[in-house]
Every structure is written in structure tokens, then in C-alpha cells.
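Below you'll find the structure, written out as C-alpha cells, and then a few comments.
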There are 2 protein chains.
Amino acid sequence: MTTRTDCEALDTVDPLAEIRDRFALPDGEIYLDGNSLGALPKHVPERMRKVVEEQWGVDRIRSWNVHRWTDLPHRVGDRIGALVGAQPGSIIAADTTSINAFKAIDAARRLRPDRRVILTDTSNFPTDVYVMRGIADAAGLELRIVEPDSVLEAIDDSIAVVAVTEVDYRTGSRHDMAAITAACHEAGAIVVWDLAHSAGAFPVALADLGVDFAVGCGYKYLNGGPGAPAFIYVAPRHQIAFRNPITGWFGHAAPFDFSLEFVPAEGIARARVGTPHVLGLVALDAALDVFDGLDLDVVRAKSLAMTDLFMDLVEGWVDELDVATPREPERRGSQVSLRHEHAFPIVQALIARDVVGDFRTPDIARFGFAPLYLRHVDVWDAAVAVREVIDSGEWQEPKYAVRPRVT
Amino acid sequence: MTTRTDCEALDTVDPLAEIRDRFALPDGEIYLDGNSLGALPKHVPERMRKVVEEQWGVDRIRSWNVHRWTDLPHRVGDRIGALVGAQPGSIIAADTTSINAFKAIDAARRLRPDRRVILTDTSNFPTDVYVMRGIADAAGLELRIVEPDSVLEAIDDSIAVVAVTEVDYRTGSRHDMAAITAACHEAGAIVVWDLAHSAGAFPVALADLGVDFAVGCGYKYLNGGPGAPAFIYVAPRHQIAFRNPITGWFGHAAPFDFSLEFVPAEGIARARVGTPHVLGLVALDAALDVFDGLDLDVVRAKSLAMTDLFMDLVEGWVDELDVATPREPERRGSQVSLRHEHAFPIVQALIARDVVGDFRTPDIARFGFAPLYLRHVDVWDAAVAVREVIDSGEWQEPKYAVRPRVT
């Protein structure tokens, strides 16, 4: 059985130990919510100061050229591309995941005008499902929602688009991207992957797997800051046919010609819409520095070791909580979810002990293991906290049952 | 004839003089591009430091509740609402102007399903026209583009939506919002106003005029920073029927219930889509502090005095440039545009003299007069610079003819 001393030993030889030093980590808190809002890389504040005080404050309008603000979506997009196996020129960072899902899924269904079904599963993040519902209703298509385990068998030649999230935000269960992508192409369907809980957590191989479209989030494992710009991937082979439903000036071939005729840009620029959110993009760009030179296989190995350890400890110590996350390494993301009827007050009691996870309705206590800044001892201490909160029954104190408006 | 001493005297009694001190203004530069990117209010960097280092860095995920990040679009929206005559609860700050135009115009045309024409004019900013083109093509509607002076007569009962920008980004010419709005309602059409060059520059009376929808920009006269979140206004009477074409989780009645069924939020929250861009919203929120307690009639009076003065001086001194901006106060915004075949190198030569305006194709030299931080002596000195650049012929030096990729 592993001991805390074993964990300390693992941290000593952790090839990512020095990466942890690049993050601002308040003393005493074990932050297991990097899958919701990634921690702050230490160098980001100075980069933000520069963009605000020097670029906005002094260079002002000239910064669009001098500091290449205009290109930010592409430069940041290519850096994300390097983390998800996308070719340069196939990703931009822009807007929100929801808006990018709207662009990608609407464009995808237009590539299969003779088909009437958009397919997703019940584990998909709700915003993706809402976006699909809006597209399906507007276009007179059927939105078919199946159980996650039934996605593969539900793919047939009636399906225009399959849009799913790789890692289930609730359970941490991971879809087989290779198999689903291959099945889509076999059936002539277009696949749109949401990488919200994938990008930055483990290697993704968009180009190698022949994925059609993808979207993802900048503020989770990419640590881009609250409400960071999201990203959208359009496979190069689809870029000519890609029809962005929101035709804004930055998606124009020549925005600064100010022509009244819309001529879509070539390449991934076609996925752009309005003026880039410079402040958010600069924070995300700076945050991505942390990944420079990093081997995502090493990141993944540490993530699996940590989630394995947490599941082992909790399963060994606590009978009251069920592990909702698959034990097979290839079937999980970088989080562990525990089920309990009273998951909400349990999470609150853990937060009171400075072990910060989150609650997802109806019964999920969710713990994200961001491999870049967590240690094995954090995993140990978090599991101890779970055991003590359960054994003591302290989660039953009324104060922990108060639900804030947003969790 | 006015003298520079007169200008100094005007600045001495300027009721907005102390507002200028709230901005970071690099020495020696006359910044006449606040209509493109507003100057930096001095207190913004510290607010950004706090949101990055303390809220993101320390409070992290808890900030959604503790610092009310979730509400930011509403809180900032209501502050903008106070500047454009909108009721509380009728504006959110979110996304980009282009995306908000997409939401507003698509929702507007759905309110008139029996009509087939969307009307705009050639002075509209291209992104609005592109968005309309996309909506019209997708919905099988006609996009009718008339000359700005013909908008009123073009409004009849065939028109579903009239979408126009109040102030022409090129000439600074201002539409009659009251007349066009009234004509739309007389004809049973829905009106969508773009307030990009209005909000923060002069009073707007959205509610009093009965405007249906409006959108606008956060980074011009509102000084919200590069790529600041934009805003969208939905008149309270339309909020129940308002159908946001992009159905994301923050537009849901209960986003954190994570239901798979989309139930639109009540009120203006229905115009939201994805996770709010917190960093950009905090910068914009901070920037709006400058307007606290300000009388926009005073702002407008100073703006008219400055634009009048600039036109008087240039017309008196320089024959080679034609004033493209209307002289009637009610017909112009807060900018002056000068036409010249070689406007591009002229603007570049002025920038070399630290008089920063911008060029708009094909022949417009554009000078924005942001009343909050410009002085009458700046207007004088800028006009002198225009005269000297023309008289010296220095704009003909080859180096000024080099067009950067973006101006």
C-alpha cells in the first residue's frame, strides 16, 4: 500500500516538478478544480500589466500592428494546435466554446445537406446540446441524444453530424476518439469533438485521426484565465467549404478594405467573427508558455498516476463514496468523480478544509488533477481529507448544505 | 477668429478638465483615435492586477460567487444602459459587436416572419452588413442596401428589419434616430441600432425613442480596452419573444442545473451565450467608472465645440482637404473626417508628428474627438499639424506611403 512517504518520493523524481514552480499557488490549499478554472501561471500578471499599461496605454491604436494584436487568434491558435495535434493554420483562439460549437456544428451540418440527424449523447456538456438544439430546430433537423456507450452503434448513414465531448464533465469518462471518428467517416458523417477537458491535459491527435472539426476551452487545463477565449479547429480539407454562420468582418478576406460585399477569408481565418478579445488572448498566450518544451506523454503519465492513486486511496478508505470514473486508463480524462447522495455538502466541507473540488448535479463530487501543478502528496492529502470528512460526519453540519447561486 | 490663447481659456473653464486627469495620456501625443480604441483610464491597471493576481490567482473558482463574475455581463450592461438611455435589465455586455448584431438582427427578423426584406444603408459598418448578408442568405430574405439619405423613404410595410449604425464610421454623419425609429414603427418594421460611435460620446435615448434592439462597442468611447466585450440591448417588451440564435448555457434559465433541455432565461439573460470574458469585462467595468456622475449633455457640448473648432480651422487654413462631416450639430457624431485623394500618407505624416488619427479607405482622414480627455488646445495643435503637413508637402515623402497590413 502506498504511503505519504511514497508520494513524497514520487514528487522528488517528478519530471514536472519544476513546472509547478511556474504557478502561483496559495499556501495550504489543494486546488482540484483546475478542470474548471486553471491556476494562474506566475508570469501572467506582468504580461497583463504590459498589454494594459504599455500596449493599450502608450502604443494604443498602433498596437494592432506593432504588437500584432490582429494576429493573436492565429498565433494563440497555433500554440493550442501544437497541444492537440493540429496542423498550423487549423485553429484559432476566439469567442467562447459555445459560440465556436455553434460555428462548427452549423457548418458541419451544411456539409451533409441530404442528411437530417445530428447525434450526441447524454454525457455531453449541456451548452453543446443547447447549441445543437438551436441549430436543429432552425434547420428542421432531428437532434438524437443517446447514452454515451451507444454512440458508436448509433452512427449510420442517416447521421449528418456527430458532436460529442471527449471527456464527460461529470464522470471523467473518456470517449474513444479514434473509434468514433473512424465510424463517422465510415458512415459518411462529420464529427465535431469538444476538447474542453482534453486540451492541455493529455495528448490529442486531431490531424492524425482525421477529425473534421473540434472546439475547446481556454480556461481549464490551458490555464488561460477566467472566461479565456476558446478555440475552434477546422480540418484543412474542410476550410474551403467551411461556412461560418456568423459572417463578421474578421472572417472577411480583406477586413480593412471595408467592402460591403462579404468575401470569406481563406483558411482558418474564416472562422473568425469580430474584433479579437485582446486582453483575454494575451493572458491565454502567456499561460501557454508553461507548455513550451513539455512532453504531453509525460503529462498524461503523471495525470494517470495521480488519478489512479486517488481512486485507490478513496476506494481503500471510504465505503460511502462510489467512484464514477473508469479505472481503465484509456477510458478516463484527468479527473476523478465520486458519487454520493450528499455530494454537495461533502464538497463544501472539503472546501472548508482547503481541498477545493466542485459539485456537479445531482450527486457528483468532482476532483480535477491538473498534472502541471499538483503533487502526489496533494493527492494523498486530498484523499485523507475525503476520509476524514466522511468519517467525522462534519459534512452534515447545516452550514455546508447552503447552495450558493453558482457552484 | 479663434486663437490658441482662446483655446487655452476654453480649457481653463472646461467642466470636463478634471476628467482628463483620470486618463493615462503619454506626453506630446495628440490622440484623435479614441473612436477606434479609447485611451486607458489610469485606474484600470490596478483593477486588472487585482482580478488577475487576487481573484484568479488566489480566490480562483470561488470568484464566480465571491466576486460575482457570473453577473458581470448584467452589471456592466446596466452601467452602459445608463449612458444610452436604457432601462436596467435591458443590456448585457458580452461577446463582440458582430456577434451581438447577429443575435439581434436574427431575432428581429423572426419577429416579422411574414416580411422578406432587411434594410440597411451603404454607410453602415461592413461587419453589420456582412452579418445581415449571412442572415438574409440563410433565411431566404432580401438584403436591401440604400444610400444613407434614402433610409427613411425606403421604410415601408415590406420591411422586416431596419438595421443601421447611428454614426457613419467614415464621415461621422449621424442618422436621425428618432425619425427612423418612428418610421419603422409606423411601417411595422423592427429597428436595430448600432451604437458603436455613439455610446459614451453623446446621450442616446433608447427607451424614450422606443428602440427595439441595439448593439454597440466597448472599446471606443467607452474606453474598455482592446477587444473589450460589446453590448446588446433588447427592449423589455421584446424580451419574451426574443429568440437568441445561439443557444448557450449562460442563456439558459438555470445554467447550473445542467439539464439537457434548453429553457431560455427570462429577461436580458436570454441574450447571453457562453462563459463571460471576465478579464475584458473587468477592464470595461473599471473604465466605466470615469462616467460616474458625468452629464452627457456636457460631454456632447464639448464634443460639438471641438469638432466645430477643428472644421473651422481646417476650412480656414487648408483648401486641399474637404470636410466630409456635416456641419449641422444634430447631424454629426464626435469625429471629423477630411477627404483627400492621398489621405493615407497624410495620416501617416500626421502620426509622425504625434497627431494620431486614422485612415479609412478610400480617401478619408479620420479624427475622433473624445471629449473626456481632449483639450481645445489639442484641437488647435492638430489643425496646425494638418496645415503644416499639407503646406510642407511632407506627406509626399515615400516613407509615408507604405501601407501596413492593418490601419
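The values are calculated or read from the model by the stated rules, or taken from the named source; none is laboratory data. In this text, all values refer to a predicted model and were calculated from it rather than measured experimentally. Glycine also receives a Cβ, built like all others from the backbone with ideal geometry; neighbour counts cover every protein chain displayed. Please note that ligands, DNA and RNA were not included when accessible areas were found on the heavy atoms of the full protein model with its side chains. Shrake-Rupley method; radii C 1.70, N 1.55, O 1.52, S 1.80 Å.
Here are a few things to note about the model shown:
One line per residue, one yes/no per condition, for (1) farther than 29 Å from residue A:41 by Cα; (2) at pLDDT below 95; (3) of a type in the set (A, V, I, L, M, F, W, C):
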| residue | (1), (2), (3) |
| --- | --- |
| A:357 | no, no, no |
| A:361 | yes, yes, no |
| A:368 | no, no, no |
| A:386 | no, no, yes |
| A:393 | yes, no, no |
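- Any chance residue B:253 is under 30 Å from residue A:363 (Cβ atoms) and at pLDDT 95 or above: yes
- Summed over segment B:44-74, the residues that are within 7 Å of chain A (Cβ to nearest Cβ), open to solvent by 10 Å² or more (accessible area, probe 1.4 Å) and touching a residue at least 24 places away in the same chain (Cβ under 8 Å) give a count of 1.
- Residues of segment A:159-183 that are of a type in the set (S, T, N, Q) and closer than 16 Å to residue A:365 by Cα: A:171, A:173.
- Pairing each residue of segment B:159-176 that is open to solvent by 10 Å² or more (accessible area, probe 1.4 Å) with any residue that is among the small types (Gly, Ala, Ser), provided the two are 6+ apart or on different chains, yields C-beta distances under 6 Å for B:168/B:123; B:171/B:324; B:171/B:337; B:174/B:333.
- For residue A:36, the conditions (1) assigned to a helix (DSSP H, G or I); (2) under 24 Å from the mean Cα position of the chain (by Cα) all hold with the exception of (1).
- Whichever residue in segment B:269-281 is more than 7 Å from chain A (Cβ to nearest Cβ) and open to solvent by less than 10 Å² (accessible area, probe 1.4 Å) and, among such residues, is farthest from residue B:62 (Cα to Cα): B:271
- Subset of segment A:75-98 that is outside any helix (DSSP H, G or I), farther than 13 Å from residue A:200 by Cβ and not hydrophobic (A, V, I, L, M, F, W, C) - its residue that is most open to solvent (accessible area, probe 1.4 Å): A:88
- Tally, over segment A:34-43, of residues that are open to solvent by 10 Å² or more (accessible area, probe 1.4 Å) and more than 7 Å from chain B (Cβ to nearest Cβ): 2
- If only residues of segment A:94-120 that are within 23 Å of residue A:157 (Cβ to Cβ), at the interface with chain B (Cβ under 10 Å from one of its Cβ atoms) and not basic (Lys, Arg) are counted, the one that is farthest from the chain's Cα centre (by Cα) is A:106.
- Segment B:128-149 - residue that is β-branched (Val, Ile, Thr) and at the interface with chain A (Cβ under 10 Å from one of its Cβ atoms) and, of those, farthest from residue B:109 (Cα to Cα): B:145
- Considering A:389, A:377, A:347, the condition of being under 23 Å from residue A:123 (Cβ atoms) and touching a helix residue (DSSP H, G or I) at 6+ places or on another chain (Cβ under 9 Å) is satisfied by A:347 alone.
- Residue match in segment A:81-89 (condition: farther than 26 Å from residue A:274 by Cβ, touching a Pro at 6+ places or on another chain (Cβ under 8 Å) and modelled with pLDDT of 95 or more): yes
- Pair list, Cβ under 6 Å, 6 or more apart: segment B:197-208 residue surrounded by 24 or more Cβ atoms within 10 Å (Cβ to Cβ), other residue acidic (Asp, Glu) and outside any helix (DSSP H, G or I): B:198/B:166
- Scanning segment A:238-259 for residues that are of a type in the set (A, V, I, L, M) and buried (at least 18 other Cβ atoms within 10 Å of the Cβ) yields a count of 1.
- In segment A:345-373, the residues that are open to solvent by 10 Å² or more (accessible area, probe 1.4 Å), among the aliphatic types (A, V, I, L, M) and under 24 Å from the mean Cα position of the chain (by Cα): A:351
- Of all residues in segment B:143-155, at least one satisfies being farther than 30 Å from residue B:300 by Cβ and open to solvent by less than 40 Å² (accessible area, probe 1.4 Å).
- Scope segment B:20-33; condition of a type in the set (Gly, Ala, Ser) and either facing another protein chain (nearest Cβ under 9 Å) or assigned to a helix (DSSP H, G or I) (or both); matching residues: B:24
- Number of positions in segment A:87-101 that are within 19 Å of residue B:101 (Cα to Cα) and aliphatic (A, V, I, L, M): 3
- In segment A:21-31 there is no residue matching the filter, namely being more than 25 Å from residue A:295 (Cβ to Cβ), open to solvent by less than 10 Å² (accessible area, probe 1.4 Å), touching a strand residue (DSSP E or B) at 6+ places or on another chain (Cβ under 6 Å) and not acidic (Asp, Glu).
- Of all the numbered requirements in (1) under 16 Å from residue B:125 (Cβ atoms); (2) in contact with a Pro (Cβ under 9 Å, 6 or more places away or on another chain); (3) part of a helix (DSSP H, G or I), residue A:270 misses one, and that requirement is (1).
- Residue within segment A:314-325 that is surrounded by 17 or more Cβ atoms within 10 Å (Cβ to Cβ), touching a residue at least 12 places away in the same chain (Cβ under 8 Å) and within 16 Å of residue A:401 (Cα to Cα) present: no
- Residue check for residue B:351: without any contact (Cβ under 8 Å) to a residue 60 or more places away in the chain and within 14 Å of chain A (Cβ to nearest Cβ): yes
- Condition broken by residue B:137, with the remaining ones in (1) acidic (Asp, Glu); (2) crowded, with 23+ Cβ neighbours inside 10 Å; (3) closer than 30 Å to residue B:251 by Cβ satisfied: (2)
- Taking segment B:219-249 as the range and being within 14 Å of residue B:272 (Cβ to Cβ) and either of a type outside the set (A, V, I, L, M, F, W, C) or facing chain A (nearest Cβ under 8 Å) (or both) as the test, the residues that pass are B:229, B:230, B:233, B:239, B:243, B:244, B:245, B:246, B:247, B:248, B:249.
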